[in-house]
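Notes to accompany the following structure.
Every number in this text was worked out from the coordinates using simple rules, so none of it is lab data. Only a predicted model underlies this, so the values are computations on that prediction, with no experimental measurement involved. Glycine gets a Cβ as well: all are built from the backbone with ideal geometry, and neighbour counts include every protein chain shown.
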Amino acid sequence: MIKSQAEKRTDMSHLVHNHNNNPRQCLGVNLRTLMRHHGIGINNLAQDLSLPVMTIRRLMSGETEDPRIHTLKLFADYFEVSIDTLIHQCLDCRSQTLKTKPQHVPILDWEMVERARDIRTLDLTDWERWQAISRKLDNKLGDHTFALESRPAMYPRYPQNTLFIIDPDVEPIDDDTVLVRLNNGEVVLRELLIHSGKKQLRSLDNEQTILAFNPDGHKIIGVDVLTIFFKRKLRDE
């Protein structure tokens, strides 16, 4: 059975009430801390995430009692922290939580990924396009992780030049966004739904469009472990 958004929010509420910290208060404090840490204002943040400024203000003030999982994931991916950290831990810009070590992952072309039989076998010795990713030391990316830029058709859900960080070595679980090769060879991003051992692929554009996962015709290439939003077009370095 596919969980509704309301059920997902209820699940999160059950989780946060088991903690001593007030999740609404933590969320507001952490958003302000992270915005200061990254030097970004509320208007720019709203533009980057395609969210109303008022929505962010209400989250920062604690007015929103039950924030949506999708909204929390937008913030978590943008600031490169976990949802659990965002709502349970009061961050300090000077704390170890925000001290990160960059890793570099190749930015591949969609066509290149479609042609590759196995991403792990690609020779990227002389590859020129790389993206530095800052992660906590205990949350490193896999050795075969790569990035893909959003396609124009993904707008407005994903702003232009959004980067999807795909890790082929992560085992996908229910509700993960996965990169999958379809029967016709096309490579797309889909939301993975798992119930009673059965897998389904839900479109990111239309939640009503659901495709039964066929292990003989579909192949999950990797899991989207991080989504990065950029205001400007990436430059080749």
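Observations, loosely collected:
- Counting lysine pairs in the range 101-228 whose alpha carbons fall under 19 angstrom apart, excluding pairs fewer than 8 residues apart on the same chain, gives 4.
- Förster-model FRET efficiency, 22 Å R0, Lys140 and Asp118, C-beta, rounded to 0.05: 0.50
- Put simply, the Cα atoms of the range 101-228 extend 38, 30, 30 Å along their principal axes, the longest span coming first.
- Label separation (Gln208 vs Met54): 2.7 nm, computed from points 7 Å beyond Cα along the C-beta direction.
- Under the Karplus curve 6.51 cos²θ - 1.76 cosθ + 1.60, θ = phi - 60°, whole-Hz ³J(HN,Hα) for the range 30-41, x wherever Gly or Pro sits: 5, 4, 5, 4, 5, 5, 5, 4, 9, x, 10, x
- Fully extended contour minus Cα-Cα distance, from Tyr155 to Ile69, at 0.36 nm per residue: 28.9 nm
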